[in-house]
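Some notes on the structure that comes next.
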Amino acid sequence: MVVNRFLASFLVAASLLLAACSKPAPPPAASDAGSGQATQDSGKSAPGLKDLKSEDVVVGNGETAEEGDTLFVQYTGKLANGTVFDSNDGTDKPPFSFVLGEGQVIQGWDKGMLGMKGGGTRTLSIPAALAYGDSAKPGIPAGSDLYFTVKLLAVVKKDHPGAFKHHVDVKVGTGPEVKVGDTVTINYTIWLLNGKQLYSSQDDGKPETFKVGVNPPQVASGVDYVIRGMRKGGIREVTLPPDLAYGNMASPLIPPKQMLKYRLELVSIK
């Protein structure tokens, strides 16, 4: 997965993921919201909710969500009677991602997620006019108000899609630092933002060897970059956005368009 040998298996198995890994059903796009599209300004629905309501249960300390940013979330959606109609909370389903303000989700989300900070939790009470409107959907009767609890796991800013937070050295190694042109062997573990472990070379007994700084990279570009400066025996952790990880590629192990957490251990350097 980190180098060509594992990366090749991704491409071969891409079609398998589509059948084996179901994407969490997002709130509907604005174009699929029926009569709600015509009443987006008023936000009214009768006799239920009249206005969109949002409340921060936990205020995060990460980036602030703005239009054009890509958000990674866990959520649970309920009807007014408490029935859960959709959820990707936990580790059974991957985080859901969407671009805020581009109509990829219902209007209640596009409006209600503005200003939320990464790491926070927010409740959204969405009138039917800003959800599905008069259209019935599986598990959701026509004219339903919707209630969501949303955890904002991460925000990728629209102007910096390839940016990632500074790495953390859990352990500083010894000897010379990794530089471009070196050949390194690493052990690594990868997690989704929801904490689900996807792969560990230590568990598999297969450390990976690659040359640093070649074009094209033999590893995910973010890994190729962040490994530089490490010393033998060192352990480094970093979270990579999709553009620096595996982008839209899919495999039986990794869903597409995911931010990934890496733990890298430098076994040897030549």
Q.
Show the residue pairs meeting these rules: Cβ distance below 8 Å; 6+ apart or different chains; first residue within segment 249-268 and on the phi > 0 side of the Ramachandran plot; second residue at pLDDT 95 or above and buried (at least 17 other Cβ atoms within 10 Å of the Cβ).
A. 257/97
Q: Could you tell me which numbered condition residue 44 fails, if it satisfies all but one of (1) at pLDDT 95 or above; (2) among the charged types (D, E, K, R); (3) closer than 25 Å to residue 133 by Cα?
A: (1)
Q) Out of 203, 159, which single residue is part of a helix (DSSP H, G or I), modelled with pLDDT under 95 and surrounded by fewer than 17 Cβ atoms within 10 Å (Cβ to Cβ)? A) 203
(Q) Whether any residue in segment 80-100 is at pLDDT below 95 and of a type in the set (Val, Ile, Thr) is what I want to check. (A) yes
**Q.** Candidate set: segment 236-270, residues that are of a type in the set (Lys, Arg) and in a loop (DSSP other than H, G, I, E, B); chosen: the one surrounded by the fewest Cβ atoms within 10 Å (Cβ to Cβ)
**A.** 270
Q | Only one of 181, 233, 229, 175 that is outside the structural domain of residue 95 (by TED's automatic domain parsing), free of Cβ contacts under 8 Å to residues at least 40 places away in the same chain and of a type in the set (Gly, Ala, Ser) | A | 181
(Q) Regarding segment 171-192, can at least one residue be identified that is in contact with a Pro (Cβ under 6 Å, 6 or more places away or on another chain) and not in a strand (DSSP E or B)? (A) no
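Within segment 71-85, identify whether any single residue is surrounded by fewer than 20 Cβ atoms within 10 Å (Cβ to Cβ), assigned by TED's automatic domain parsing to the domain that holds residue 124 and closer than 12 Å to residue 153 by Cα, and answer yes or no.
Taking every residue of segment 71-85 in turn, none turns out to be surrounded by fewer than 20 Cβ atoms within 10 Å (Cβ to Cβ), assigned by TED's automatic domain parsing to the domain that holds residue 124 and closer than 12 Å to residue 153 by Cα.
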Q: Taking only segment 91-122 into account, find how many residues are of a type in the set (A, V, I, L, M), under 17 Å from residue 157 (Cα atoms) and out of contact with any strand residue (DSSP E or B) (no Cβ under 6 Å at 6 or more places or on another chain).
A: 2
Q) Does residue 56 count as outside the structural domain of residue 240 (by TED's automatic domain parsing), out of contact with any Ser or Thr (no Cβ under 7 Å at 6 or more places or on another chain) and either part of a loop (DSSP other than H, G, I, E, B) or surrounded by fewer than 18 Cβ atoms within 10 Å (Cβ to Cβ) (or both)? A) yes
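The values are calculated or read from the model by the stated rules, or taken from the named source; none is laboratory data. Because the structure is a prediction, the values reported are computed rather than measured. Every residue, glycine among them, receives a Cβ derived from its backbone with ideal geometry; neighbour counts consider all protein chains shown.
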